[in-house]
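> Pasting in a structure now, in structure tokens, and then I'll have a few things to ask.
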Amino acid sequence: MFISPAYAQSASPMSDPLSGLLIPMLLMVLIFYFLVIRPQSQRQKQHREMIERVRRGDTVVTSGGFIGKVSRVPDNSDEIDVDLSDTLKVRVLKSTLLDVRSKGEPVKDQTVTK
């Protein structure tokens with residue numbers, strides 16, 4: 001009389017904690033991929049291509065802040081020779097290059113005609 005039979009209640013669809021967190025977690029992963037991972041991998045690819053195209057006569061900026069002109073790029077080597085001044089030549093790893101500036105062309109004479 002005092003004891004009533006217990007009836008099993010049906011589980012609601014939101015009672016599972018994984019179902020409520022799955023969609024927001026997937027959205028966060030997608031946003032993280034498109035805002036952080038993908039742009040970083042594109043920058044790495046561009047930097048790798050830039051370093052592979054370095055050639056004699058290019059002006060380079062090293063990670064140490066030195067700016068110099070490439071004097072020699074040996075084949076099958078990860079090192080290049082850079083002239084920092086007329087009397088100072090250093091050997092630098094290609095991986096330490098921050099920027100490769102193309103060889104500058106001389107400015108053409110521009111005469112103003114009216």
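Values in this text are rule-based calculations from the coordinates and carry no lab data. What you see is a predicted model, and the numbers here were worked out from it, not measured in a lab.
> For the range 34-104, what does the alpha-carbon gyration tensor say about shape, rounded, prolate or oblate, given a ≥ b ≥ c as the root eigenvalues, a/c under 1.5 as rounded, and a/b over b/c as prolate?
It is prolate, given that a/c is not under 1.5 and a/b is the larger ratio.
> Enumerate lysine pairs in the range 33-103 that are 8 or more residues apart or on different chains, then count those whose Cα atoms are under 16 Å apart.
Numbers: Lys45/Lys94; Lys69/Lys89; Lys69/Lys94; Lys69/Lys103.
Eligible lysine pairs with Cα atoms under 16 Å apart amount to 4.
> Once you have a ≥ b ≥ c as the square roots of the Cα gyration tensor eigenvalues for the range 36-75, tell me rounded if a/c is under 1.5, and otherwise prolate or oblate according to whether a/b is larger than b/c.
The shape class here is oblate.
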